[in-house]
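Everything on this sheet refers to the single structure shown next.
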Amino acid sequence: STHASVAPRCWHWWRWSAWSGLRPSPSRSTPTPGFCQKFSTQEKTPQICVVGSGPAGFYTAQHLLKHHTHAHVDIYEKQLVPFGLVRFGVAPDHPEVKNVINTFTQTARSDRCAFRGNVVVGRDVSVPELREAYHAVVLSYGAEDHQPLGIPGEELSGVVSARAFVGWYNGLPENQELAPDLSCDTAVILGQGNVALDVARILLTPPEHLEKTDITEAALGALRQSRVKTVWIVGRRGPLQVAFTIKELREMIQLPGTRPILDPSDFLGLQDRIKDVPRPRRRLTELLLRTATEKPGVEEAARQALASRAWGLRFFRSPQQVLPTPDGQRVAGIRLAVTSLEGVGESTRAVPTGDVEDLPCGLLLSSVGYKSRPIDPSVPFDPKLGIIPNTEGRVVNVPGLYCSGWVKRGPTGVITTTMTDSFLTSQALLEDLKAGLLPSGPRPGYVAIQALLSNRGVRPVSFSDWEKLDAEEVSRGQGTGKPREKLVDRREMLRLLGH
């Protein structure tokens, strides 16, 4: 490697010999019997780098460390803090989903794993430089863009991506200037997935129910002042094609102080058609049907009568144009094309009928999907699908380069889907290693990258740095009975770390 000279040879051998098993290491657990016979000498100390510290990155690292007792994994992350969408995507009122952080923390504390935060791959260091320093590189950086609507008026004030809105209430530093206008009566969300329901729920949940969560103080303050009373969740297809899950729907139906608005005519004939659909979809549709068509019981009717807020699902509507206020500055509504369905099952398409409908609103949230970005000119990228072209996680035509998570398969599925997917990628990598398809001989790993970053004035953040920030957040939350008060200002975080 051209970077190998960066570190003194003797030090290099010292480190390499510890990883290769030539020199005993007191902190290393004994490899399982027979394991070392499976891997030849040059495979004993693979230096692997993972880009992205969300679920895909951590699950990939976890699997590699578990199934190769000498592999060393460096996880690079552009944020100062780890955990990706577990921290910045999962709704604050779903703390149980964040429990995976405990598992990821165990992985990060392994003496064969290192977290390198505050490093933007593609800017601070290139993918070819990483490939030069490591035996293998896994890209697990997720989907950080939102899918644009591609309609006139999208740029008006008051039109916000649901992704940015979620980042705002979850403390993602780059979304802290968002300041969504919550002074209107009606909000419209375009899209009918779990993110759309999360956003609707946060907008309508009584603020006192959020006070004990890790929502940011700024978001909580804005929600206390909010005048939003009605939220419409709009989809271009019908009840059989919604992308949210039954758990999220149930939470919406039972949301304190709110009532659902569903049009029974949207559900005509559905009862007969759901007999043959898969069970999860059938149960979800049955719950929608009951909510839309059955008269609520005495208790539920009384609860709904007292509700000051409402949410509704609008089906068979496709966004055509954002309508401006008279001064042309802000959103005043959305023009929707009325659609009908063509085709059968999940593959049905929504086709405009020629009719349109205007829906007034003062806040328009676009939740029509996430999108990955290309990371580096050297990495193939399919802009149409928004993924890195790959075969079972192996990047097409680039040996030694892999991908896992949303950048591998597109922005769908939950954390467990990502776990399975990441395990498959790491399995492919280990198979290639065993087959001798990866570079042989030692690689400098982080030693080489550290020198490059240092020359470029980049100061990475370690996992123990994160643990200092974590302790600070927890201590700030204690005063108000919250699990933590998230730090949202990068400069303040770096100051706390003495950077």
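The values are calculated or read from the model by the stated rules, or taken from the named source; none is laboratory data. Predicted model, so just to flag it, every value in this text is computed and none were measured. With ideal geometry, Cβ positions are generated from the backbone for all residues, glycine too; neighbour counts draw on all protein chains shown. Note: accessible area is taken over every heavy atom of the protein model, side chains too, but ligands, DNA and RNA are not part of it. Shrake-Rupley method; radii C 1.70, N 1.55, O 1.52, S 1.80 Å.
Condition check for residue 387 on (1) more than 22 Å from residue 193 (Cβ to Cβ); (2) crowded, with 20+ Cβ neighbours inside 10 Å: one failure, at (1).
Looking only at region 472-498, residues that are over 21 Å from the mean Cα position of the chain (by Cα), in contact (Cβ under 8 Å) with a residue 40 or more places away in the chain and surrounded by fewer than 14 Cβ atoms within 10 Å (Cβ to Cβ) come to 2 in all. Give the residues of region 40-86 that are of a type in the set (Ser, Thr, Tyr) and either surrounded by 22 or more Cβ atoms within 10 Å (Cβ to Cβ) or within 24 Å of residue 491 (Cβ to Cβ) (or both), sorted by residue number. Result: 45, 53, 59, 60, 76. For beta carbons closer than 9 Å, sequence separation of 6+ or different chains, a first residue in region 411-437 that is within 13 Å of residue 394 (Cβ to Cβ) and open to solvent by less than 50 Å² (accessible area, probe 1.4 Å) and a second that is in a helix (DSSP H, G or I) and of a type in the set (Val, Ile, Thr), the qualifying pairs are 425/60; 426/60; 429/60.
Residues checked against (1) open to solvent by 70 Å² or more (accessible area, probe 1.4 Å); (2) among the β-branched types (Val, Ile, Thr); (3) in contact (Cβ under 8 Å) with a residue 12 or more places away in the chain:
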| position | (1), (2), (3) |
| --- | --- |
| 296 | no, no, no |
| 314 | no, no, yes |
| 322 | no, yes, yes |
| 332 | no, no, yes |
| 340 | no, no, yes |
| 352 | yes, no, yes |
| 356 | yes, yes, yes |
| 364 | no, no, yes |
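Would you confirm whether any residue within region 458-471 is in contact (Cβ under 8 Å) with a residue 40 or more places away in the chain, among the hydrophobic types (A, V, I, L, M, F, W, C) and farther than 25 Å from residue 405 by Cα? Yes, region 458-471 contains at least one residue that is in contact (Cβ under 8 Å) with a residue 40 or more places away in the chain, among the hydrophobic types (A, V, I, L, M, F, W, C) and farther than 25 Å from residue 405 by Cα. Of all residues in region 65-91, those that are among the hydrophobic types (A, V, I, L, M, F, W, C) have Cβ atoms under 6 Å from Cβ atoms of residues that are surrounded by fewer than 24 Cβ atoms within 10 Å (Cβ to Cβ) and in a loop (DSSP other than H, G, I, E, B), 6 or more apart or on another chain, in 65/110; 65/112; 80/118; 88/172. Looking at residue 305, is it in a helix (DSSP H, G or I) and either surrounded by 16 or more Cβ atoms within 10 Å (Cβ to Cβ) or within 25 Å of the chain's Cα centre (by Cα) (or both)? It is false that residue 305 is in a helix (DSSP H, G or I) and either surrounded by 16 or more Cβ atoms within 10 Å (Cβ to Cβ) or within 25 Å of the chain's Cα centre (by Cα) (or both). Here residue 345 meets each of (1) over 19 Å from residue 242 (Cβ atoms); (2) modelled with pLDDT under 95; (3) out of contact with any Pro (no Cβ under 9 Å at 6 or more places or on another chain) with one exception, condition (1).
Where helices (runs of 4 or more DSSP H) sit wholly within region 213-278, those with at least 1 residues that are surrounded by fewer than 19 Cβ atoms within 10 Å (Cβ to Cβ) and among the small types (Gly, Ala, Ser) occupy 217-225. One residue alone among 123, 163 is of a type in the set (Lys, Arg) and outside the structural domain of residue 58 (by the TED database), and that residue is 163.
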